[in-house]
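The values are calculated or read from the model by the stated rules, or taken from the named source; none is laboratory data. For clarity, every value in this text was computed on a predicted model and none was experimentally measured. Cβ atoms come from the backbone with ideal geometry, glycine included; neighbour counts cover every protein chain shown. Heavy atoms of the whole protein, side chains included, go into the accessibility calculation; ligands, DNA and RNA do not. Shrake-Rupley method; radii C 1.70, N 1.55, O 1.52, S 1.80 Å.
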Amino acid sequence: MNYAIAPSPTVSLPIHGSEQRFPIRRVFCIGRNYADHAREMGATIDKETPMFFCKPADAVVTDGGPVPYPQATSDLHHEVEMVVALGSGGKDIAADQAQALVWGYGVGLDLTRRDLQAVAKAKSHPWDVAKGFDHSAPVSALVPAAQAKPDAGTVLRLTINGSVRQQATLGDMVHNVGEIIAALSKLFELKAGDLIFTGTPAGVAALQRGDSFHAELEGIATLDGKVV
Ligand code: MN
């Protein structure tokens, strides 16, 4: 192809136990998917209408790379989340068929410029600048679904500088993975390579330069990194 400028490289995640990598197409995120987090944000949950937003694929930080403290904020928040990677896609998928699309699992941080999000909420602006900034989505290596399958008892946990900040089990999710995929597929045609951040439990708080984070989807995936 005779491009006028150099095309951006494809961002990809390592795969646990493999030399292959997982190329990322899009990054979808669900908001307000744990009742205790919705409560701490003063938000209400609408079970009928899940709330979605997106991040650019090149916001994903791979391979445990450092997370630069972003510009334009003084209130960078962590949100630990299970990340689902899709190996196939489609539109208008039924929730009970959706699990078949899942290629693998990981754990990530939906980093948020909470001060800009507060302004966006107050002015009824979109969330892009609060959520979709550069380096806003560190994600672990992925574990193929054939090797590990989280269930309602799987623990999601975030430790900052050795102290537990967020912890929940996946059974606390308002919308489970099948329901999230089904709802997203009514809005977008999903495709192989899509990542879905599945929401965060309570305990979101500020990160500072120099903080070390350890996120885990217990027994399945871990992510270690640092804010610099
Ligand atoms: Mn989130």
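Selection of region 53-69 for residues being within 16 Å of the ligand (Cβ to nearest atom) and either out of contact with any Lys or Arg (no Cβ under 8 Å at 6 or more places or on another chain) or not in a strand (DSSP E or B) (or both) yields Pro56, Ala59, Val60, Val61.
Per-residue answers, yes or no, for (1) of a type in the set (Gly, Ala, Ser); (2) touching a residue at least 24 places away in the same chain (Cβ under 8 Å):
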residue: Gly108; (1), (2): yes, yes
residue: Val119; (1), (2): no, no
residue: Trp127; (1), (2): no, yes
residue: Ala130; (1), (2): yes, no
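Quick check on Arg39: is it within 30 Å of Ala120 (Cα to Cα), in a loop (DSSP other than H, G, I, E, B), of a type in the set (Lys, Arg) and open to solvent by 50 Å² or more (accessible area, probe 1.4 Å)? Quick ask: steps written out before the conclusion?
Values: within 30 Å of Ala120 (Cα to Cα): yes; in a loop (DSSP other than H, G, I, E, B): no; of a type in the set (Lys, Arg): yes; open to solvent by 50 Å² or more (accessible area, probe 1.4 Å): yes.
For Arg39, the condition - within 30 Å of Ala120 (Cα to Cα), in a loop (DSSP other than H, G, I, E, B), of a type in the set (Lys, Arg) and open to solvent by 50 Å² or more (accessible area, probe 1.4 Å) - is not met.
In region 51-71, the condition of being in contact with a helix residue (DSSP H, G or I) (Cβ under 6 Å, 6 or more places away or on another chain), open to solvent by 20 Å² or more (accessible area, probe 1.4 Å) and among the aromatic types (Phe, Trp, Tyr) is met by at least one residue.
Say we look at region 161-213 and pick out the residues that are among the aliphatic types (A, V, I, L, M), more than 16 Å from the ligand (Cβ to nearest atom) and open to solvent by 20 Å² or more (accessible area, probe 1.4 Å); which of these is farthest from Gly65 (Cα to Cα)?
Initially, region 161-213 is screened for residues among the aliphatic types (A, V, I, L, M), giving 164, 168, 170, 173-174, 177, 180-184, 187, 190, 192, 195-196, 202, 204-207.
Now restrict to residues that are more than 16 Å from the ligand (Cβ to nearest atom): 164, 181-182, 187, 190, 192.
Applying the additional criterion that residues be open to solvent by 20 Å² or more (accessible area, probe 1.4 Å) yields 164, 187, 192.
Values: Val164: 21, Leu187: 32, Ala192: 24 Å.
If we take residues in region 161-213 being among the aliphatic types (A, V, I, L, M), more than 16 Å from the ligand (Cβ to nearest atom) and open to solvent by 20 Å² or more (accessible area, probe 1.4 Å), then Leu187 is farthest from Gly65 (Cα to Cα).
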